[in-house]
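All remarks here apply to the structure that follows.
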Amino acid sequence: MNQREKEILELEEDLKDTIENELIKNQTENKEVSIKDIKFVGQATWQDKINGKSISDNVFIVEKEIKEIDEEGKERITEQKNYYLGDKCIGGTIGENEIAYNSSFENSEPDKMQAVNELLERTSEKEIEAHSLNSLKRKEIAEVLTAHLGREVSEDEVEKILEEMDKEEIEELNEEKEEREDKDENDLSEKQAEKVKVNGIQKANLNKKVDGKETLGKRLDLEQYDSIYVVYSEKVKEVTADSKINNTTYSLVGMTKDGEARVLNDEFDMDKTVGNNASREQTKIRADGTATRDNEDLSVYTRKSNGVSIGCENNQGSVQMFMYQKTLEENENVGIQIETSQTPVIPIETREIMNRNKGIEQKERIQDEVEEHTEEGCNPKDVKDYDGLEYTQTHSHLSDEALNSYVTEILNYENVVGEEKIKEVFSENEVRDKLLREMYKNEGRLSNGQIVENVKREMNQDAEMFIKEHKR
């Protein structure tokens, strides 16, 4: 068997397990349904209705046998052929080969239905039969028997040879089969790892602490993996053949220490409410200590198990990764940049403000502080300006009311003898310009109150000197 056939066999066996689990729930004393064969047809591809990107999923024909016992105890056996898109049954056959789709599928998914019909039309019956579960299992067993018996065993001989084997020989044969599967899995892991490394455009170490306390793997509930890669969604099938292609730019791949790779699309839900120029913005703490609010992420995934999100932003050709959590009040993503192979080390004091032990209210405070700054046209450049603590601000943004109050206070300044010299020499606009220059120059160094006091003394001295010189 070649690698493609092994992958198809695995797909069919997985689907068989899924369907049989459902059948068990619905079995009755008088009715029993079993699977006779599963046939992989191929992949149907259609265009996403929103962004026009291609989406694919596997199509299978599932042949079932139904045994029913009527009221008189007579057994009746019928056969049924169903069509599956992924693991969802979308229809069956009427008569010989006429397909009857489920009404809900036919009415709501005409593009998918057309894609399935086109795949069935261009795929020959011979190819479908060659890729059937029964055919591939016979081929697999023939290869095991060939190695076991030391001679070439054809697929036609398999059934007869197995019938002639005793229990011990069959057990020995099964052990040899498992050893071959383990070897194939190891070979596949190495190939997968290489493909991930070739196609990966960004890598994050899941064992690195992301918030000053816990690792990225723990926060994402992915502790079974060693690292996580970002790949273009169109490349996921080069990692694992049966992977679904999501209609988003990037996908995530988990890699174990042993080099086993798995596309994680089934572990995450896509969050279409944010990123990719959506109306809802996200608050981001970046590796360089700055904070922004934007909707620049091209792909945002939310972990199904705990609601933590991963966002991927393309920043001038470099993919930046962020870990997000939602705030309670505004349901807005607040996150911190993830340290990757292409980003600088994120300081502990920056990571610490996202410490989970600080509670969900901490995310609210961070979001509020960053929003206050950005509304004033400022991207805060120091962790003290968005750490959730009121007393650590490096600067503040004045409202017009506060600024006018400071200007009036400076104009009405009285010197030691009670004279208001500043307003005699300087206009209101001149005082405002001077105050704003000093605030800009001393941003992060002095409080607003200290700056105002310094401006009072300096402008009073200038005013007194100007008056004195003009009296001469």
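The values are calculated or read from the model by the stated rules, or taken from the named source; none is laboratory data. Given the structure is predicted, the values throughout are model-derived calculations rather than measurements. Methodologically, a virtual Cβ is constructed for each residue, glycine included, from the backbone with ideal geometry; neighbour enumeration extends over all protein chains shown. SASA here: full protein model, heavy atoms, side chains in, ligands and nucleic acids out. Shrake-Rupley method; radii C 1.70, N 1.55, O 1.52, S 1.80 Å.
Answer rounded, prolate or oblate for the stretch 267-308, using the Cα gyration tensor with square roots of eigenvalues a ≥ b ≥ c: rounded when a/c is under 1.5, else prolate when a/b is larger than b/c, else oblate.
oblate
Taking the convex hull of the Cα atoms, report for the stretch 46-170 its projected area averaged over all directions, in nm².
The number I arrive at for the stretch 46-170 is 12.9 nm².
So for the stretch 90-151, Kirkwood radius off the Cα pairs, Stokes-Einstein at 4 °C and 1.567 mPa s: how many µm² s⁻¹?
For the chosen part, D equals 89 µm²/s.
What is the mean projected area of the alpha carbon convex hull for the stretch 2-108, to one decimal in square nanometres?
That works out to 9.1 nm².
Can you list the aspartates and glutamates whose alpha carbon is less than 19 Å from that of LYS358, not counting same-chain residues fewer than 8 positions off?
Result set, ordered by chain and number: ASP211, GLU214, GLU329, GLU330, GLU332, GLU349, ASP368, GLU369, ASP385, ASP387, GLU390.
Of the listed peptides 218-231, 50-63, what is their order by residue-averaged count of other C-beta atoms within 10 Å, with the highest listed first?
Highest-to-lowest ranking by the protection proxy: 218-231, 50-63.
Can you send over the carbon and sulfur percentage of the accessible area for the chain, probe radius 1.4 Å, protein chains only?
Roughly 43 percent of what the probe reaches on the chain is carbon or sulfur.
Under 19 Å from the Cα of LYS31, which aspartates and glutamates turn up, not counting those fewer than eight places away in the same chain?
Correct list for LYS31: GLU20, GLU22, GLU63, GLU65, GLU68, ASP70, GLU71, GLU72, GLU75, GLU79.
Within the stretch 67-121, which GluC sites (Glu not before Pro) sit in a loop by DSSP and count at most 13 neighbouring Cβ atoms inside 10 Å?
GLU71, GLU72, GLU96
Per DSSP H run of n ≥ 4, the term is -39500 (n - 2.57); total these for the chain, divide by its residue number, and report the mean residue ellipticity at 222 nm rounded to 500 deg cm²/dmol.
That calculation yields -12500 deg cm²/dmol at 222 nm.
Measuring with a 1.4 Å probe in the full set of protein chains, what accessible area per residue, in whole Å², belongs to the chain?
56 Å²
Just list whichever of LYS53/LYS272; LYS88/LYS112; LYS67/LYS126 have alpha carbons separated by over 24 Å in the model shown.
Values: LYS53/LYS272 15 Å; LYS88/LYS112 13 Å; LYS67/LYS126 29 Å.
Listed pairs above 24 Å: LYS67/LYS126.
Give the label of the value calculated from the structure for Cα extents along the principal axes in Å, choosing from (1) 111, 52, 35; (2) 119, 77, 31; (3) 126, 49, 40.
Read-out taken from this structure: (3).
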